[in-house]
């Protein structure tokens with residue numbers, strides 16, 4: 001009887017702790033328009049375990065930090081960004097260059113860049129990164145240039161934002 005009580009108590013404590021535990025699914029993206037360099041520089045911050053899970057959908061052998069296959073990880077990351085992130089400037093979809101990545105604690109920072117010939121008048125960003133994995137994923141976008149700063153929160157039901165009047 002005592003063993004049954006201990007077993008039941010142990011099971012109850014495990015179930016109870018799993019119900020209380022809550023993980024937040026959030027990423028941040030900083031987009032900085034550098035007029036002197038004629039570029040839009042983009043830094044994304046995502047949790048390593050979330051990105052690893054995302055990439056393992058394409059290749060189950062992928063491991064991050066330490067990397068199992070650095071060139072394959074970069075290829076898959078670039079593919080995921082191309083699928084999840086769209087940037088339109090003045091209603092024209094632009095391609096960005098995947099510059100690279102680095103790890104900081106439990107976060108992976110990825111760097112993207114868009115070379116621009118003309119100043120930005122209107123910018124539309126759609127960021128669906130990780131929405132296919134986590135229903136409650138939220139993607140925060142920080143946009144800044146020399147005189148303008150604004151932040152936006154994107155969710156699966158509202159995955160894009162339009163920015164204009166940036167002066």
| said: Exactly one of these conditions fails for residue 82: (1) modelled with pLDDT of 95 or more; (2) exposed (fewer than 15 other Cβ atoms within 10 Å of the Cβ); (3) over 23 Å from residue 155 (Cα atoms). Give me its number. | reply: (3)
| Does segment 134-150 hold any residues that are surrounded by 12 or more Cβ atoms within 10 Å (Cβ to Cβ) and under 24 Å from residue 78 (Cα atoms), and which are they? | 134, 136, 137, 138, 139, 140, 141, 142, 143, 144
| Per-region count, segment 45-76, residues buried (at least 17 other Cβ atoms within 10 Å of the Cβ) and in contact with a helix residue (DSSP H, G or I) (Cβ under 7 Å, 6 or more places away or on another chain) | 6
| request: Answer with yes or no whether residue 133 is more than 18 Å from the chain's Cα centre (by Cα) and touching a residue at least 60 places away in the same chain (Cβ under 8 Å). | output: no
| request: Test each condition in (1) under 17 Å from residue 27 (Cβ atoms); (2) surrounded by fewer than 14 Cβ atoms within 10 Å (Cβ to Cβ); (3) touching a strand residue (DSSP E or B) at 6+ places or on another chain (Cβ under 8 Å) for residue 164 and report the one that comes out false. | output: (1)
| Among the numbered criteria (1) within 19 Å of residue 28 (Cα to Cα); (2) at pLDDT 95 or above; (3) exposed (fewer than 13 other Cβ atoms within 10 Å of the Cβ), which single criterion is violated by residue 105? | (2)
| remark: Subset of segment 136-158, residues farther than 19 Å from residue 32 by Cβ and more than 12 Å from the chain's Cα centre (by Cα), comes to 136, 156, 157, 158
| Is it the case that residue 131 is assigned to a loop (DSSP other than H, G, I, E, B), modelled with pLDDT of 95 or more and surrounded by 14 or more Cβ atoms within 10 Å (Cβ to Cβ)? | yes
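Can you name every one of the strands (runs of 3 or more DSSP E) wholly within segment 59-115 that holds 1 or more residues which are within 13 Å of the chain's Cα centre (by Cα) and without any contact (Cβ under 8 Å) to a residue 12 or more places away in the chain?
Working: elements: 85-89, 92-94, 97-104, 107-115.
Where strands (runs of 3 or more DSSP E) fall fully within segment 59-115, none carries at least 1 residues being within 13 Å of the chain's Cα centre (by Cα) and without any contact (Cβ under 8 Å) to a residue 12 or more places away in the chain.
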| query | Which of the residues belonging to segment 17-38 are at pLDDT 95 or above and either under 12 Å from residue 113 (Cβ atoms) or outside any strand (DSSP E or B) (or both)? | reply | 31, 32
| task | Filter segment 116-128 for residues that are more than 30 Å from residue 63 (Cβ to Cβ) and in a loop (DSSP other than H, G, I, E, B) and give the result. | result | 116, 117, 118, 119, 120, 121
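The values are calculated or read from the model by the stated rules, or taken from the named source; none is laboratory data. Note that this is a predicted model, so its numbers are computed, not measured. Neighbour counts run over all protein chains shown; Cβ positions are idealised from the backbone, glycine included.
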